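Novice: The structure follows.
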Amino acid sequence: MRILYIDTSSSFLYTGIVEESNLLCEVKKEYNHELSKYALPEIVEMFESNNIDPKSIDKIIVVNGPGSFTGIRIGITIAKTYAWSLNIPITTITSLEAMMLSSNSNKYYVPLIDARRDYVFGAIYSDKKEQILKPKHIKIEDLKQKLEDIDDYIVITNDDIDLGEKESYDPDILTIVEYFKDKESINPHAVNPDYLKLTEAEESKLND
Amino acid sequence: MKDTYILGIESSCDETSVSIVKNGKEEIATVISSQIDIHKDFGGVVPEIASRNHVKNITLVLEECLSKANMTMDNIDAIAITYGPGLIGSLLIGLEAAKTLAFIHNKPLIPVHHIAGHIYANSLVKELTFPLLAVVVSGGHTELIEMRDHYKFNKLGGTLDDAVGECYDKVARVINLEYPGGPKLDKLAHIGKPTYKLPVPLKDDSYNFSFSGLKSAVINLAHNEEQRGNELNKENLAASFQKVAVKSIINKVKKAVIDKNIKTVIVAGGVAANGGLREEMEKLSRELGFNLSIPPMKYCTDNGTMIAAAGYYAYKSGRTADYYLNSVSSEKLN
């Protein structure tokens, strides 16, 4: 089974193809504000340089957030169009799960993404990779409180966030795909970003 | 000659639309998913909300269009996509879908400028004849474009500030009409009399327009009447505004037709539905003796049909894009 992995939820394109527990190829590249231009041609280049037919993909795993709103939409649109048009299974995972799975630590995992204005997107997973705090748009102060009860944890982030011991995130695409390869697939039309946050217009309407 | 089927995708503002057009003139199937009811609550299009809805809709609209046409991607010769101008976050959704389809089905990708789409909406009704003047009037555009052949665009002028449709919507808000107020303002104008004095903007020798001064004049007028304790006659204000707005367009069209010896004038874009503009354009066409073409309403608003139609002529003139095609919020038509 050939699985295509796509994550564009940050300023990076993370993509790869996994077949029978082998990583056939991968691309990890940063694009500042030009992800919309480069994401698809990079994926095309990955297929072509490895002589892989796009129609030979059996399943797609795509990251549906949290992270950059525009970024998430790029990956989701490519993935859902691909899966719908070729009628192949597709499933979504969160960027925070991908971050947790890429760490080699044996502590509690706290993957974090800067959400500005003293907020982060974050989650807490146990050393057994069980979800302790589900992915959330949370105030840093509130997260700090939740972390007080946890003895030993590691923060995984590529952003400037100081909440204790931390390591940077470099996705282990093979591990991520292997972990989720049997996750139930969903209808491509229903594959959508999970922003974890309303738009500002909606928020100010709620506060009216 | 073999028939050419173009799949057109449009997502530049708040409509997700996909259409299949045969040979640039025959509409096979069109699907439009409009978000107008969503944005109404906010008094205008909210870009982030528009993008979020495009992602939700894109594959549904693609599927419905293909199934309506009883076709698969195998029957499609090329994919035409609006790459700009428009809301960048909205444009991107159509663009990524188009690039993905072009890749996995190995089809040519044709970049279409949104304004070219509005112009070629006319070719769905009648073949374009040259020399031609396109009067593009919508919520985002007010432009005069001269064409001497297919896919050869020469912009004579455009708005220096607000688009005419934008100005209509803003003036409509002054008299408390619900968004989008432009069409409602047009209706009121037909009931009222142009009793209020408003200045005709930019009475100069250029082919340009300006609507922000007119908008301010209406706001000031409403404000002054209120201060004096006079009740504003909405119908008359609508009629006064419409008279001046239409006149400023007609003046420049007239100048362009005479200067450039134009034989055909086409009106395109959402404001082409405006009753006042239609009447005055018809009067002018009789006065100067040019052919006038105004497409039916369904082709005036944003839709994939016009993108597929323009895409056909772009394709025939050898315009294709590679996968590095990006969306642009503003770009000159060329």
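Novice: Summarise the partner chain shielding of B:169-176 as one whole number: the mean count of Cβ atoms from other chains within 10 Å of each residue's Cβ.
Specialist: Taking the mean over all residues of the peptide, I get 0.
Novice: How about the range B:207-274: which trypsin sites (Lys or Arg not before Pro) there lie in a loop by DSSP and see at most 13 other Cβ atoms within 10 Å?
Specialist: Loop-located and lightly packed - B:R228.
Novice: Next question, about the same structure. Round to the nearest 10 and give me the degree value, 0 to 90, for the angle of helix B:182-191's Cα axis relative to the longest principal axis of chain B.
Specialist: 40 degrees
Novice: A further question on this structure: Any idea what diffusion coefficient the protein assembly as shown gets from Stokes-Einstein, in µm²/s, Kirkwood Rh on alpha carbon pairs, 20 °C, 1.002 mPa s?
Specialist: So the translational diffusion coefficient is about 84 µm²/s.
Novice: Have a look at B:M297, B:M306, B:M281 and tell me which one the Gaussian network model of chain B (Cα, springs below 10 Å) gives the largest fluctuation.
Specialist: The residue that fluctuates most here is B:M297.
Novice: How far, in nm, would the chain grow between A:E26 and A:N50 when pulled straight, counting 0.36 nm per residue and subtracting the alpha carbon separation?
Specialist: Numbers: separation 24, 0.36 × 24 = 8.64 nm, distance 1.02 nm.
This chain segment gains 7.6 nm when fully extended.
Novice: Between B:L156 and residues 5 or more places away or on another chain, which pairs have amide H atoms under 5 Å apart, with H built 1.01 Å from N, and which residues are they?
Specialist: Long-range HN contacts for B:L156: B:L144, B:I145, B:E146.
Novice: Next up: If each residue's Cβ is checked for other Cβ atoms within 10 Å, how do B:H54, B:H141, B:H150 rank with the fewest at the top? Numbers along the way, then the final one.
Specialist: On the way: B:H54 28, B:H141 22, B:H150 18.
Least crowded to most crowded, the residues run B:H150, B:H141, B:H54.
Novice: Could you check which residue among B:T264, B:T159, B:T195 shows the biggest mean-square fluctuation in a GNM of chain B with a 10 Å Cα cutoff?
Specialist: Most flexible of the set in this elastic network: B:T195.
Novice: Within 10 Å of each candidate Cβ there may be at most 11 other Cβ atoms; applying that plus a DSSP loop requirement, which trypsin sites (Lys or Arg not before Pro) in the range A:79-128 survive?
Specialist: Sparse-neighbourhood loop trypsin sites (Lys or Arg not before Pro): A:R116, A:R117, A:K128.
Novice: Moving on. Ordered by residue, what ³J(HN,Hα) values in Hz, to whole numbers, does the range B:160-176 give under the Karplus form 6.51 cos²θ - 1.76 cosθ + 1.60, where θ = phi - 60° and Gly and Pro are x?
Specialist: 8, 9, 6, 6, 4, x, 4, 5, 4, 5, 6, 5, 4, 5, 4, 9, 6
Novice: If you don't mind, another one. In a shell of Cβ-Cβ distance under 15 Å around B:D149, excluding B:D149 itself, what net charge do Lys and Arg (+1) and Asp and Glu (-1) give?
Specialist: Summing Lys/Arg as +1 and Asp/Glu as -1 gives +4.
Novice: Rg/Rh for chain B to two decimals, with Rh computed the Kirkwood way over all alpha-carbon pairs.
Specialist: Using Cα coordinates only, the ratio equals 0.99.
Novice: For chain B, set up a GNM with springs between Cα atoms under 10 Å and report which of B:L144, B:L101, B:L92 has the largest fluctuation.
Specialist: Most flexible of the set in this elastic network: B:L101.
Novice: Which ³J(HN,Hα) values in Hz, rounded to whole numbers, follow from the phi angles of the range A:172-187 under the Karplus curve 6.51 cos²θ - 1.76 cosθ + 1.60, where θ = phi - 60° and Gly and Pro get x?
Specialist: For the range A:172-187, the Karplus curve yields 9, 4, 4, 5, 4, 5, 4, 5, 10, 4, 9, 4, 4, 7, 10, 4 Hz.
Novice: Shifting gears a bit: Please state, rounded to one decimal and in Å, the Kirkwood hydrodynamic radius that the range A:21-162 gives when every pair of distinct Cα atoms enters the mean of 1/r.
Specialist: Radius from the Kirkwood sum: 17.0 Å.
Novice: Taking +1 at the Cβ of each Lys and Arg and -1 at the Cβ of each Asp and Glu, which of A:I90, B:V45, A:T70 sits farthest along the dipole of the protein assembly as shown towards its positive end, judged by Cα position relative to the Cα centre?
Specialist: Highest projection toward the positive end goes to B:V45.
Novice: For B:L124, A:L206, B:L95, A:L35, what ranking results if the residue with the fewest other Cβ atoms within 10 Å of its Cβ goes first?
Specialist: A:L206, B:L124, A:L35, B:L95
Novice: With a ≥ b ≥ c taken as the square roots of the eigenvalues of the C-alpha gyration tensor of the range B:127-294, please select rounded if a/c is under 1.5 and otherwise prolate if a/b is larger than b/c or oblate if it is not?
Specialist: Taking the square roots of the gyration eigenvalues as a ≥ b ≥ c, the range B:127-294 is prolate.
Novice: Cα extents of the range A:103-167 along the three principal axes, largest first, in whole Å?
Specialist: So the three principal-axis extents are 31, 20, 18 Å.
Novice: Among DSSP bridges having both ends in the protein assembly as shown, what percentage is antiparallel? Round to the nearest 5.
Specialist: Just about 60 percent of them are antiparallel.
Novice: Still on this structure, I have one more. Work out the P(r) tail for the range B:293-334: percent of alpha carbon pairs separated by more than 15 Å, whole number. Spell out each step's value before the answer.
Specialist: Numbers: 531 of 861 pairs.
Percentage above 15 Å: 62.
Novice: Using only the alpha-carbon atoms, how far is helix A:69-86 inclined from the longest principal axis of chain A? Give it as 0 to 90 degrees, nearest 10.
Specialist: It works out to around 30 degrees.
Novice: Further, regarding this structure: Taking the Cβ of each residue in B:K155, B:K170 as the centre, tally the other Cβ atoms inside 10 Å and list the residues starting with the fewest.
Specialist: Fewest to most other Cβ atoms nearby, the residues stand as B:K155, B:K170.
Novice: Next question, about the same structure. Treating the beta-carbon of each Lys and Arg as +1 and of each Asp and Glu as -1, no other charges, what is the dipole magnitude of the range B:127-294 about its Cα centre, to the nearest 20 debye? Working shown, then result.
Specialist: Details: 23 positive and 21 negative charges, 65 e Å.
For this selection, approximately 320 debye.
Novice: Let me ask something else. My understanding is that a pair violates if its Cα-Cα distance is over 22 Å; which of B:K215/B:K260; B:K263/B:K283; B:K152/B:K215; B:K22/B:K126; B:K107/B:K332 do that in this structure?
Specialist: From the list (B:K215/B:K260; B:K263/B:K283; B:K152/B:K215; B:K22/B:K126; B:K107/B:K332), the Cα-Cα distance tops 22 Å for B:K215/B:K260; B:K152/B:K215; B:K107/B:K332.
Novice: Report the calculated FRET efficiency for A:Q145 and A:A190 (r = Cβ-Cβ distance, R0 = 35 Å), to the nearest 0.05. Intermediate results must be reported in sequence, preceding the final value.
Specialist: Working: r = 35 Å, r/R0 = 1.00.
That gives a FRET efficiency of 0.50.
Novice: Taking DSSP loops as anything outside H, G, I, E and B, show the longest stretch in chain A free of GluC sites (Glu not before Pro) there with at most 12 other beta carbons within 10 Å.
Specialist: A:35-129
Novice: Now for a separate question. In whole angstrom, note down how far apart the Cα centers of the range B:214-228 and the range B:176-195 are.
Specialist: Centre-to-centre (Cα) distance: 16 Å.
Novice: Please identify the GluC sites (Glu not before Pro) of the range B:122-173 that satisfy two criteria: DSSP loop assignment and at most 10 other Cβ atoms within 10 Å. Which are they? Each step should come with its number before you reach the end.
Specialist: Working: sites: B:E127, B:E143, B:E146, B:E166; in loops: B:E127.
Passing sites in the range B:122-173 are B:E127.
Where a number appears in this text, it was derived from the coordinates with a stated rule and is not lab data. Since the structure is predicted, the reported quantities are computational estimates derived from the model, not experimental observations. For neighbour counting, all protein chains shown are included, and Cβ atoms are generated from backbone atoms with ideal geometry for every residue, glycine included.
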